[in-house]
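Student: The structure under discussion is supplied below as structure tokens; questions concerning it will follow.
The values are calculated or read from the model by the stated rules, or taken from the named source; none is laboratory data. Quantities reported herein were computed from a predicted structural model and do not represent experimental measurements. Virtual Cβ from ideal backbone geometry, glycine too; neighbours counted across all protein chains shown. Surface areas here come from the heavy atoms of the whole protein model, side chains and all, with no ligands, DNA or RNA. Shrake-Rupley method; radii C 1.70, N 1.55, O 1.52, S 1.80 Å.
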Amino acid sequence: MSDKITIKDIAKKSGVSISTVSRVINKTYPVRKEVAEKVQQTIQELNYTPDLMAKSLKTGKTSTIGLIIPDISNPFFASLVKGAESYLSKKGYTLIICNSNQDMKEETRLINILLSKKIDGLLFTGSANHNKFLQEKVIDMLPVVFMDRAFVKTNGSYVLSDSYNGMLDLLNYMYGANHRSYIYISGNKDTLSAGERTKAFSDFVKEKKIEKYRIYQAQYDYESGYKAIKAMDCGKGYDAVICGNDLIAYGVIEALKNSGVNVPYNISVTGYDDIMFSRMFSPSLTTVRQPIYDIGSKSAEKLLKIIENNKKIKNGIILKNELVIRESTMIRSDCSRQKD
């Protein structure tokens, strides 16, 4: 037997035909469970790895998917990637993960690199609501699904959650808990999620006739939250700080703690996302839970459908969010309200 194990070797040792081994490896046709298990066991025993180059030349596909996210340090995107990778690996695809550092020029450079790798499709979470190169040069030649984004001027497929109604549910809860003055710290202004959450806040203060409020433009990170609340005298005179995501809220709470402001007795703080640390934070964070893993998984599922059917699916999926009440907020009364 040669050093390079082939499917012919697998077939011989398994006692099946070469075509059966091919069907098991490529999942192109159903094979009886006991036969498939026998072949898989032989593959592991012989430490066989498929020749991806040969497969690519034969099928025109590489079984690789590119994925671009704006901030790999944000736990939100880690969950997003995990959902996509879990689904793709079960389908025999490999994921190439790229981090753009919220830089559109870097996004374009990464797209070109991924194209040179002959990827079969792209999962994309951009740093903004547009990318000229992707929209004008790429989307018509390569299957693309937007994750947690939807490019307004592009009839592409997307999977995201309902940021507008998720934020509105949170704000209505806070109003019901007797909060009447608000600081809103937004995330990246050029992203769809920030735009939808900010719109919900603007509509809320208008509907409820809230006279005392402030909107502060920031980024989706801890440092922005810390600096923002410091710049606003630690929220003095306000009932609540509504944050565009959980990372902003962490920064806000730490700044308030360091200034001797009690959360939630002096001022309530909320986040958005419900990343894994939010229930462990002190105080545990009231937030809106996004189905982050599902966004990644369903994005991958949608992309493979486009690839396998060789036909674009120009539609989107919008998933529901869930309000999660924890220790960083309280039902406010006049005696617990900060004074000007």
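Student: Could you work out the local net charge near VAL205, counting Lys and Arg as +1, Asp and Glu as -1, over the other residues with Cβ closer than 12 Å to its Cβ?
Tutor: Net local charge, VAL205 excluded: +4.
Student: If you roll a 1.4 Å probe over the heavy atoms of the protein chains, what accessible area per residue do you get for the range 200-288, in Å²?
Tutor: So the range 200-288 comes to 41 Å² accessible per residue, rounded to a whole number.
Student: Suppose every K and R has +1 on its Cβ and every D and E has -1 on its Cβ; what is the size of the dipole of the chain about the Cα centre, in Debye to the nearest 20?
Tutor: 1000
Student: Taking 7 Å along the Cα-to-C-beta vector as the label spot, tell me the ARG32-LYS236 distance in nanometres, rounded to one decimal.
Tutor: In this crude label model, ARG32 to LYS236 measures out at 8.1 nm.
Student: Quantify, in whole percent, the carbon and sulfur part of the accessible surface of the chain (1.4 Å probe; protein heavy atoms only).
Tutor: So the carbon and sulfur contribution to the accessible surface is 50 percent.
Student: Which is farthest toward the positive dipole end of the chain among VAL145, ASN47, VAL21, measuring Cα position about the Cα centre, with Cβ charges +1 (Lys, Arg) and -1 (Asp, Glu)?
Tutor: VAL21
Student: Got a sec? Charge dipole of the chain, +1 on Cβ for Lys and Arg, -1 for Asp and Glu; which of GLY237, PRO30, TYR293 is way out at the positive end?
Tutor: Value: PRO30.
Student: Using only Cα atoms, locate the centre of the range 251-287 and the centre of the range 137-201, then give the distance between them in Å, rounded to an integer.
Tutor: Here the answer is 22 Å between Cα centres.
Student: Taking the Cα centre of the range 135-290 as origin, work out the dipole magnitude from +1 charges on Lys and Arg Cβ and -1 charges on Asp and Glu Cβ, in debye rounded to 20. If you can, show how the numbers build up before the last one.
Tutor: Numbers: 18 positive and 18 negative charges, 96 e Å.
Result for the range 135-290 is approximately 460 debye, rounded to the nearest 20.
Student: Related question: Looking at the range 165-230, which GluC sites (Glu not before Pro) are in a loop (DSSP not H, G, I, E or B) and have at most 13 other Cβ atoms within 10 Å?
Tutor: Passing sites in the range 165-230 are GLU211.
Student: In the chain, which helices (entire DSSP H runs) extend 15 Å or more along their own long axis, judged by Cα positions, while averaging at least -1.0 on the Kyte-Doolittle scale? Numbers along the way, then the final one.
Tutor: Details: long enough: 33-45 (18 Å, -1.14); 75-90 (23 Å, 0.25); 104-116 (18 Å, 0.15); 163-176 (20 Å, -0.06); 192-207 (22 Å, -0.52); 246-258 (18 Å, 0.64); 292-309 (26 Å, -0.09).
The qualifying helices are 75-90, 104-116, 163-176, 192-207, 246-258, 292-309.
Student: Give LYS61/LYS298; LYS209/LYS298; LYS117/LYS189; LYS12/LYS33 a once-over and call out the pairs whose C-alpha atoms are over 29 Å from each other.
Tutor: Cα-Cα > 29 Å for LYS209/LYS298; LYS117/LYS189; rest within.
Student: Using R₀ = 35 Å, calculate the FRET efficiency as 1/(1 + (r/R₀)^6) where r is the Cβ-Cβ separation of ASN262 and LYS209; round to 0.05.
Tutor: 0.80
Student: Further, regarding this structure: First measure r as the distance between the Cβ atoms of ASN315 and GLU136, then evaluate 1/(1 + (r/R0)^6) with R0 = 22 Å and state the FRET efficiency to the nearest 0.05.
Tutor: Working: r = 21 Å, r/R0 = 0.96.
Calculated value: 0.55.
Student: I need the trypsin sites (Lys or Arg not before Pro) found in the range 124-166, filtered to DSSP loop residues with at most 13 other beta carbons within 10 Å of theirs.
Tutor: The qualifying sites are LYS153.
Student: Of VAL159, HIS179, SER224, which is farthest along the charge dipole of the range 159-240 in the positive direction, counting Lys and Arg as +1 and Asp and Glu as -1 at C-beta?
Tutor: Going by the charge dipole, the pick is HIS179.
Student: Starting from the range 164-198, pick out the trypsin sites (Lys or Arg not before Pro) whose DSSP state is loop and whose Cβ has at most 14 other Cβ atoms within 10 Å.
Tutor: Numbers: sites: ARG180, LYS189, ARG197; in loops: ARG180, LYS189.
Passing sites in the range 164-198 are LYS189.
Student: Over the chain, what is the percentage of antiparallel beta bridges among all DSSP beta bridges, to the nearest 5?
Tutor: Restricted to the chain, the bridges split so that about 10 percent are antiparallel.
Student: Using only helices, what value at 222 nm comes out for the chain when you add -39,500 (n - 2.57) per DSSP H run of length 4 or more and divide by the total residues, to the nearest 500 deg cm²/dmol?
Tutor: For the chain, the value works out to -12500 deg cm²/dmol.
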